[in-house]
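A short reminder: the numbers here are calculations on the coordinates, not readings from a lab. As the structure is a computational prediction, the values presented were derived from the model and not from experiment. Note that we place each Cβ from the backbone using ideal geometry, even for glycine, and neighbour counts take in every protein chain shown.
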Amino acid sequence: MWQHHGDQLLRIITLRRQAHGPEPYDFIVWSVCCIDIYALLSVSGQATFVEVLLKQNMLPSPERCLSPVFQGQGPIIYPEEQRFFPALLKLHQEVLLLALRVGQEARDLRVESTQRQYGPKDIMIPESAFLINRRARTRNVHNLLEYSRLAWRTQFPDYWTWLRSPGSLPSRVFSWVNHVRVSFQNLASCTDNGSRTFYSEPA
């Protein structure tokens, strides 16, 4: 059912932007994007919502993904959060967009495997070429993941210290650090050999 809900939400957001201009609740739009990407990774969605937003340049900027502290106001970054949040929000968005790429590649590989299994045999590429292409694309996904891991360590070298001493960070910053960590771990688990994301049948 998620695909149906995502399509409805996409229509609502598009109509709101046509009527009122920029969306004042972009943090909700971004939350839906996250759900859409997770649905793709769990093989229960196609990520149409996020793909359309990207195509139409409607994806919220990183700083607008932060939910407001007070109703009716835009996102607020307090002085003690300033040295963390801009880079942290940007990295979080990059991790989720990387997850989108992983999910898209996995979706395409599953479709190709199904077509190869049940499609006309006279137009199939040789088995060796098919496997070489598949391995190269999967390796590219792992390279992207490793690059993201390196970016995280470079921008936040004190990461493990933060987790051991959560009181050393402003509370909202710690929540987002934890959120990004979980998002990255979920992404990493999806690219493990034999994971459901890459090798299960399409929903």
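Here the simple spin-label model places points 7 Å from the Cα toward Cβ, and for R101 and L144 these points are separated by 0.4 nm.
The label point for R164 and the one for K90, both projected 7 Å from the Cα toward the Cβ, are 2.9 nm apart. Sorting T114, T154, T138 by the number of Cβ atoms found within 10 Å of their own Cβ, with the fewest placed first, yields T154, T114, T138.
Per DSSP H run of n ≥ 4, the term is -39500 (n - 2.57); total these for the chain, divide by its residue number, and report the mean residue ellipticity at 222 nm rounded to 500 deg cm²/dmol.
When only DSSP H runs of four or more count, the value is -22500 deg cm²/dmol.
FRET efficiency for R153 and Q18, Cβ-Cβ distance as r, R0 = 35 Å, nearest 0.05? It comes to 0.25. Computed from the C-beta positions of A129 and R181, the FRET efficiency with R₀ = 30 Å rounds to 0.15.
GNM remark for the chain: springs join alpha carbons under 10 Å apart, and the peak mean-square fluctuation among Q46, Q18, Q93 falls on Q18. Extending 7 Å from the Cα toward the beta-carbon at both S67 and R137 defines two label points whose distance is 3.7 nm.
As a proxy for reagent exposure, ranking Y38, Y147 by other Cβ atoms within 10 Å from fewest up yields Y147, Y38.
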